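The values are calculated or read from the model by the stated rules, or taken from the named source; none is laboratory data. From a predicted model like this one, the values you see are computed outputs, not experimental measurements. Cβ: placed from backbone, ideal geometry, glycine included. Neighbour counts: every protein chain shown.
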Amino acid sequence: MIYIEIDFSLFCDQFARMGRADSFSYEAKQIIFDYLEESGNDIELDVIALCCEYEEKSILEIIKDYDLQHLLDYDSDDGQTLEEYIEDNQEETREIVQDYLFDNTTLLGSVTGGFVYACF
């Protein structure tokens with residue numbers, strides 16, 4: 001096999017080439033690239049596998065997908081939507097979701113409004 005070393009620009013180009021340019025934000029691609037590069041291992045770049053292995057989701061999506069409302073001091077009977085609660089309690093909510101991901105999967109990093117993590 002022939003291996004080549006790629007930089008971040010080529011890494012992003014491969015997502016576009018495979019029709020997956022919008023699978024992750026630019027910020028998330030940088031986090032994934034850095035994570036893979038820091039592993040110190042030679043890696044065969046498989047964009048489809050990366051799209052299956054990692055996720056980028058907003059805090060709201062993570063809370064809904066993993067049913068984390070019970071971890072929050074949120075009560076829907078108060079007349080406040082979950083979105084409003086998250087907006088009013090951004091720092092606390094971000095920390096709770098971050099801790100949950102850290103405890104349950106590999107957390108690669110945070111992006112604006114959410115996180116990048118290994119699927120579980």
* Can you name every residue in the stretch 45-79 that is more than 21 Å from Phe102 (Cβ to Cβ) and either at pLDDT 90 or above or touching a His at 6+ places or on another chain (Cβ under 6 Å) (or both)? -> Leu45, Asp46, Val47, Ile48, Ala49, Cys51, Cys52
* Structure fact -> Quick count over the stretch 11-34, residues being out of contact with any Phe, Trp or Tyr (no Cβ under 8 Å at 6 or more places or on another chain), more than 24 Å from Thr93 (Cβ to Cβ) and surrounded by 13 or more Cβ atoms within 10 Å (Cβ to Cβ), is 5
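Among the residues of the stretch 10-24, is any among the hydrophobic types (A, V, I, L, M, F, W, C), in contact with a helix residue (DSSP H, G or I) (Cβ under 6 Å, 6 or more places away or on another chain) and part of a loop (DSSP other than H, G, I, E, B)?
Scanning the stretch 10-24 turns up at least one residue that is among the hydrophobic types (A, V, I, L, M, F, W, C), in contact with a helix residue (DSSP H, G or I) (Cβ under 6 Å, 6 or more places away or on another chain) and part of a loop (DSSP other than H, G, I, E, B).
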* Asked: Just wondering, is there one or more residues in the stretch 59-72 that are more than 21 Å from Asp13 (Cβ to Cβ), among the hydroxyl-bearing types (Ser, Thr, Tyr) and over 17 Å from the mean Cα position of the chain (by Cα)?
  -> no
* Picking from Thr112, Thr93, Thr105, Thr81, which residue would you name as being crowded, with 17+ Cβ neighbours inside 10 Å and not charged (D, E, K, R)? -> Thr93
